[in-house]
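Please treat every number below as a calculation from the coordinates, not as lab data. These numbers come from a predicted model, not from an experiment. Neighbour counts run over all protein chains shown; Cβ positions are idealised from the backbone, glycine included.
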Amino acid sequence: MDWLRIGAFLLLIVYHIGLYFSPWDWHVNAAPPVPWVVYILHLLNPWRMTLLFVVSGYASRALLSRSPSPGGFAVARSKRLLIPLLFGVCVLVVPQPWIEARVKDGYQHGFFWFWIHQYFNFDPSDGIDTPAFDHLWFVAYIWVYSIVVAAGARFLPAPRATALQALAERWLSGWRLIVLPILWILFWRLVVCGGGIPSNRVLTDYQGHPLYLPAFLFGFALARSEALWPSILRCWRIAAGIAAIAYLGLLWSDAGYPGVRLPEEAGRQLGFAFAICMQWTMVVALLGFAEIHLNRDDRIRATLTEAVFPVYIIHQTVIVAMGWWLLLHPMPVAAQIVVLLATTCGACWLFYLVGRSIPWLRPLIGLGPIARGAR
């Protein structure tokens, strides 16, 4: 699961780099966009966040089991998540809305003027939504869900918790592992929300929480389940096949269903259905693949596992800043891709290396204190 978590966050970096080059509206976009990039985005977009919530739930169960008490777990997670979240929102994310305002709205003030005078004014009427969570919304959600499971561990009687674990294992065994989550997502996304997308605002996201919290809880249950893994190992190849078909359907939808005449709303709903099928089946497929092919250790695993959170915190700001620089310094697309990949990877790794070596910086980037004897 550590390798899967590392891979999931690396793919997130690829996805955000893809957003820069794509015709989809983002903080800053290449001019002109690169049309073929949408094939990569469609491949990653449906399931990327679901997988991150599953692996985060899995990791949270492991951390809870090693904590002296649910309260200790809640305190530790709050320190590990809220401190870098606050640092990120107040410092690291700030360049993103400033660059977006410069590129899209012709904003004239310099960065430090924006940071000091405008970023913290909480006034949406100026057209700039600040202070901004941007990609760090995920950290806020993981903290909320961690508190939820800590409260459950503290107040739920042990027999009731055991019964809930057994119920989840029973309902998600065999074919139900694939079918029931897809039906739930279809019901919530298409029937309840009418195709609406999550807002990524932790206090008001009624579209997102009924999707993200179950994924987190699934990972939480999976971490202490011997009954779910056999179903995953039996179903993962079938899930991969369904995901491949759903991906082709999504591309067909994006192309406007050539060869078929569909009413506009029916076409939109069918496109959502393809994405939702891919959303869950890719997660099952990747879990099974990781259990079979990635269930081994390596010397670099521990370092990469530690680096994931600091790299996640900084990566999007680096991509946005470098994307803006590329707009000001035009070059061929191939060169842009190489430059953006190289500088993002290099800057993120340098951020981690510097941050981990300075004791007072470690909590700000999501790292614990240096273990005794490790210096």
Estimated distance in nm for a label pair at A62 and H209, the labels positioned 7 Å out from Cα along Cα-to-Cβ: 2.8 nm
Summed side-chain charge close to V144 - residues other than V144 whose Cβ falls under 15 Å, Lys, Arg +1, Asp, Glu -1: +2
Computed FRET value (nearest 0.05) for V202 with A151, which takes r as the C-beta separation and R₀ as 22 Å: 0.85
Mean Cβ count within 10 Å, highest first, over the residues of peptides 28-37, 139-148: 139-148, 28-37
For the chain, built as a Gaussian network whose Cα springs stay under 10 Å, the top-fluctuating residue of Y58, Y107, Y212: Y107
For region 331-348, Karplus couplings with θ = phi - 60° (6.51, -1.76, 1.60), whole Hz, Gly/Pro x: 7, x, 4, 4, 5, 4, 4, 4, 5, 5, 5, 5, 5, 5, 4, x, 5, 5
Selection from H27, F73, Q118 lying farthest towards where the dipole of region 1-122 points positive, charges on Cβ: F73
Label point distance in nm, A255-L86, each placed 7 Å from Cα along Cα→Cβ: 5.2 nm
Exposure proxy ranking, count of Cβ atoms within 10 Å, fewest first, for T343, T204: T204, T343
Hydrodynamic radius by Kirkwood, which averages 1/r over all alpha carbon pairs of the chain, in angstrom: 22.3 Å
Mean Cβ neighbour count within 10 Å, used as a protection proxy, ranking 167-174, 327-334 highest first: 167-174, 327-334
Residues of region 224-249 with amide N under 17 Å of a point placed 7 Å along Cα→Cβ from E169: 224-234
Per-peptide average of other Cβ atoms within 10 Å, ordering 232-245, 92-105 highest first: 92-105, 232-245
Distance between region 154-196 and region 199-230 - C-alpha centres, whole angstrom: 9 Å
Fully extended contour minus Cα-Cα distance, from L180 to A335, at 0.36 nm per residue: 51.3 nm
Theoretical FRET efficiency, 1/(1+(r/R0)^6), r = Cβ-Cβ of E291 and H117, R0 41 Å, to 0.05: 0.20
Listed residues D298, D134, D205, most fluctuating in the chain (Gaussian network, C-alpha, under 10 Å): D298
Cα-based Kirkwood hydrodynamic radius, region 200-278, one decimal, Å: 15.2 Å
Farthest positive-ward along region 281-372 dipole, Cα basis, beta-carbon charges - from I300, V333, A321: I300
